[in-house]
Amino acid sequence: MQMISDFIAMGGYGRFIWTAYGTAAIVLIGLLIISLRELRTTTAEVEALEANSPRRRRTHTGDEDAAT
Amino acid sequence: MIQQYANPARFNRLAKTLMPWFAWPAGILIVTGLYFALFNSPPDYQQGDTVRIMYVHVPAAWMALFVYTSMAISSAVGLIWKHPLAHLSAQAAAPIGACFTFICLLTGSLWGKPMWGTWWVWDARLTSVLILFFLYLGFMALHNAFDDPARGERSAAILAIIGFINVPIIKFSVDWWNTLHQPASVVKMSGPAIHSSMLYPLFMMAIGFTLYFGALLLLRMKTLMLVRRACGMSMAQLHQQAAE
């Protein structure tokens, strides 16, 4: 028990150290989650558009190369 | 050869192959690095346990500079050779770099308070890193400021290239001016001035962060390509509807 509370206290600097690690984790994991969610919604959007115009699909793969 | 990857299908295939090689080692290195940083590295003889902030602060600072450099290079490639993926990669990298710079500033502040007695000083190192943060934000804002995406791309690329002057200023600010910030102790001519028990977790975190950046960059580039595709497709559908 003593060991755990010593570890959390970090020699009296616990609040600085844990805030630093905590916010870094929130920012990096948050960015990852946001990016994954963006990929998922955009993929769904493109699939919906493709489903909407099955006739134009083939012609479109042609000009994408030039467009991107 | 690089031109081949301008094709979205080829890029996606390459990204799919590379992704696990970035993502898994990134996770493993960061977790192991955290274990050493928090449990299995010695406290500093002067700074006590606050030195543990270094394992996040320093790799985040390196990444802030590394990502900006990569962004400036892709912007230049985009402007000069008009490689279609170059601007896309700069655009995808900017938010990641901004996040690393934010982490660097915040953890630095949390380290400064107990060790220097202040959250912030307007000295060369701290101010130049704050400017770097604003350069990232400015780049993202410029990208979205124009109706014509090509103009936004160009303006943002020019900002990224001009702003690159700030990178060496940050690096050498601790040598050129008197600052509260300590000079470099890892990347220097005479070799690192840090014991290996601190150097190993530092490198693990740094390589982990770099791989995390690689994985996230591929993922965000893929999203941006899909956004463009969706844009092109909905435009085409509108034209078609108008024609009918």
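Report, by residue number, each residue of the stretch B:15-70 that is modelled with pLDDT under 90 and either more than 12 Å from chain A (Cβ to nearest Cβ) or assigned to a loop (DSSP other than H, G, I, E, B) (or both). Within the stretch B:15-70, B:F39, B:N40, B:S41, B:P42, B:P43, B:Y45, B:Q46, B:Q47 qualify.
For the stretch B:176-194, enumerate the residues that are surrounded by 11 or more Cβ atoms within 10 Å (Cβ to Cβ) and of a type in the set (S, T, N, Q). Listed by number, the residues that qualify are B:T179, B:S185.
Report, by residue number, each residue of the stretch B:193-244 that is in a loop (DSSP other than H, G, I, E, B) and either facing chain A (nearest Cβ under 10 Å) or modelled with pLDDT of 95 or more (or both). Across the stretch B:193-244, there are no qualifying residues.
For the stretch B:125-182, a residue qualifies if it is part of a loop (DSSP other than H, G, I, E, B) and closer than 20 Å to B:C104 by Cβ, and the qualifying residues are B:F164, B:I165, B:W177, B:T179, B:L180, B:H181, B:Q182. Of the numbered criteria (1) under 29 Å from A:G30 (Cα atoms); (2) in contact with an Asp or Glu (Cβ under 6 Å, 6 or more places away or on another chain), the one B:C231 fails is (2). Residues in the stretch B:225-244 that are buried (at least 20 other Cβ atoms within 10 Å of the Cβ) and within 29 Å of B:L65 (Cβ to Cβ): B:M225 only. All of B:S173, B:S197, B:S109 fail the test of being surrounded by fewer than 16 Cβ atoms within 10 Å (Cβ to Cβ) and not basic (K, R), apart from B:S197. For residues that are under 11 Å from the mean Cα position of the chain (by Cα) and at the interface with chain A (Cβ under 8 Å from one of its Cβ atoms), scanning just the stretch B:84-102, find the one that is farthest from A:I33 (Cα to Cα). Across the stretch B:84-102, the extreme among qualifying residues is B:F102.
The values are calculated or read from the model by the stated rules, or taken from the named source; none is laboratory data. Given the structure is predicted, the values throughout are model-derived calculations rather than measurements. Glycine also receives a Cβ, built like all others from the backbone with ideal geometry; neighbour counts cover every protein chain displayed.
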